[in-house]
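Let me begin by presenting the structure, written as structure tokens, before commenting on it.
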Amino acid sequence: MKLDSIGDWVRTGYSLNVTPEMDGEEVTLFGWVQEIRDLGGIRFIILQDREGTIQVTVPKKKVSPEVLSKSDALQKRYSIGVKGTVKKTSMSPRGFEVLPKEIKILGTAALQLPIDITGKTPANIEVRLDARALDLCQEPNIAAFKIQHSAVEAIRGFLFEKGFLEVHTPRIIASATEGGAELFAVDYFGEKAFLAQSPQLYKEQLVMSLEKVFEVGPFFRAEESHTRRHLSEFVSVDVEQAFADAEEVMVLLEQLMQHTCKAVKENCPKELAALKYKLQVPEVPFKRLTYDEVLRDLKKEGVEVPWGEDIPTEAFRVLGKLYPTFYFITDWPTHSKAFYIKPREDKPDLCEGFDLMWRWVELVSGGTRIAEKDLLVSRLKEQGLNPEAFKHHLQAFDYGMPPHAGWAIGLERLTMMLTGKKNIREVTFYPRDRDRLTP
């Protein structure tokens, strides 16, 4: 089939912009054929664009031979242009239809598609991910990523308003950011380098000049866990603030969460409706629980976690039923947190680190950072890390490192909370995990 040229056609609006009040007006639309229904003398084409769908009605005896011929040739997922007239009618779901004067076929599709684009015949997630470009065209997926977009826009606006500057740190680094084995090694001109696990060390250094910084960007962990909330490549929203402690950045964080939920609820009602999800705007301040209090709560529920150990997923699920919204967990055992988290001065076996939980899922990790070089070296050694590998970072502590604190939000986990999705792969455009490198 010879495809049409787009020529001088210019879109007059998206499907959402067309209303019954435009009766008699001419519109130019672009999109994809979602469905075709042929009732003999009349043909209905459901045109989909990123804002929704619109009904194009082809009365076979009243349209030109060229329009009829073009409509005969259409199949699902063809990309097309339609120039036509809006007609008010109670027979259409949205109270109007578009009667075409011209149709242009701009792109074709295979007759047999790997998944049902209408969503009427569901497919399992692995099949959908194998055909991800097509899967992303489904209305619920478009809705989820528009919500994610709205959330990032709200986060950036909030942080700009609070005086934070957006920064961009390296993704190729010479040594581990946080230690551990979860590193992807790369060949860097014959030298061994790694993909960054986080911007932690760089954002700490940047508070020495810019004081209040944030970054939104991808990071990498060779994550062995294959769960519904782990990825090997993920987007992190990182904040770091000079002359601040854990409590100050916790207040900032809870305000940001409230602001983001409110923005999404106000700006994305159509998308939330498409996902059948009722997003709640949380009240602040969020509940604060110490690590010891959490262990006591779990013990009352018959779940024993030895002091000093990380809290397992099964225990968090129990905790999520006790606290079905946002809550902080503070005063973690120092040895359980990263080397840069500051131990409490009054109780060094506890630290000024915190996690922000939503039900049973950890959304954010943060805390007060160590600002004293000798203490940082000591903590590195305690965690079996070689201070020599961190010499460039330690060097910055000779230049007047201020007290500072910060946190990091996993954007995909945040999007799960905002959309009600149960699997992190649903809210990642092209997921990367232990078993998936394509598409």
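Across the options TYR14, MET401, ILE42, the greatest Cα extent toward the positive end of the charge dipole of the chain (unit charges at beta carbon of Lys, Arg, Asp, Glu) belongs to ILE42. Placing dummy labels 7 Å off each Cα toward the beta-carbon, the span from LYS162 to VAL305 is 2.5 nm. Only helices at least 20 Å long along their axis, Cα-based, and averaging -0.5 or more on Kyte-Doolittle count here, so list those DSSP H runs from the chain. For the chain, where a helix must reach 20 Å along its axis and average at least -0.5, the hits are 139-161, 246-267.
A straight line joining the Cα centroids of segment 1-61 and segment 77-108 runs 2 Å.
Between GLU66 and PHE44, what FRET efficiency follows from the Cβ-Cβ distance if R0 is 25 Å, with the result rounded to 0.05? Rounded to the nearest 0.05, the efficiency is 0.85.
Along each principal axis, taking the top coordinate minus the bottom one, the Cα set of segment 237-336 gives 46, 39, 20 Å in descending order.
Using Cα centres only, tell me the gap between segment 218-283 and segment 329-347 in whole Å. Centre-to-centre (Cα) distance: 23 Å.
Value of Rg to Rh for segment 135-427, rounded to two decimals, is 0.96; Kirkwood radius and Rg both from alpha-carbon coordinates.
Assuming R0 = 25 Å, can you tell me the calculated FRET efficiency for the pair ASP435 and LYS381, based on Cβ-Cβ distance, to the nearest 0.05?
Values: r = 36 Å, r/R0 = 1.45.
So the FRET efficiency works out to roughly 0.10.
No solvent, one uniform scatterer per C-alpha: report log10 I(q)/I(0) for segment 1-145 via the Debye equation at q = 0.10, 0.16 1/Å, two decimals. These q points yield log10 I(q)/I(0) values of -0.34, -0.87.
For segment 25-82, the alpha carbon positions stretch 31, 25, 16 Å along the principal axes, listed from largest to smallest.
Each Cα pair of segment 266-324 feeds into the Kirkwood radius, which the Stokes-Einstein equation turns, at 25 °C and 0.890 mPa s, into a diffusion coefficient of 176 µm²/s.
Run the numbers for GLU35 and ASP374: contour at 0.36 nm per residue of separation, minus the present Cα-Cα distance, in nm.
Details: separation 339, 0.36 × 339 = 122.04 nm, distance 6.69 nm.
Full extension from GLU35 to ASP374 adds 115.4 nm.
Considering only SER90, LEU289, GLN197, the residue lying farthest towards the positive end of the dipole of the chain is SER90, judged by Cα position with unit charges set on Cβ.
How would you rank GLU248, GLU51, GLU271, going from fewest to most other Cβ atoms within 10 Å of each one's own Cβ? The partial results should precede the final answer.
Working: GLU248 13, GLU51 16, GLU271 23.
With the fewest neighbours first, GLU248, GLU51, GLU271 line up as GLU248, GLU51, GLU271.
Extension gain, LYS287 to LEU113, is 57.8 nm, computed as 0.36 nm per intervening residue step minus the present C-alpha separation.
Assuming 0.36 nm per residue, please report the length gained on full extension of the stretch ILE172 to LYS87 beyond their Cα-Cα distance. Present the calculation step by step, with values, prior to reporting the outcome.
Values: separation 85, 0.36 × 85 = 30.60 nm, distance 5.69 nm.
Between ILE172 and LYS87, full extension yields an extra 24.9 nm.
Using helices alone, I'd like the mean residue ellipticity at 222 nm for the chain: each DSSP H run of four-plus residues gives -39500 (n - 2.57), total over residue count, nearest 500. Helix contribution divided over all residues of the chain: -8000 deg cm²/dmol.
Please identify every one of the chymotrypsin sites (Phe, Trp or Tyr not before Pro) in segment 292-359 that sits in a loop by DSSP and has no more than 14 other beta carbons within 10 Å of its own beta carbon. Walk me through the numbers on the way to the answer.
Details: sites: TRP307, PHE316, PHE326, TYR327, PHE328, PHE339, TYR340, PHE354, TRP358; in loops: TRP307, PHE339, TYR340.
Answer by residue number: TRP307.
All of the numbers you see were taken from the coordinates with simple rules; none came from a lab. From a predicted model like this one, the values you see are computed outputs, not experimental measurements. Neighbour counts run over all protein chains shown; Cβ positions are idealised from the backbone, glycine included.
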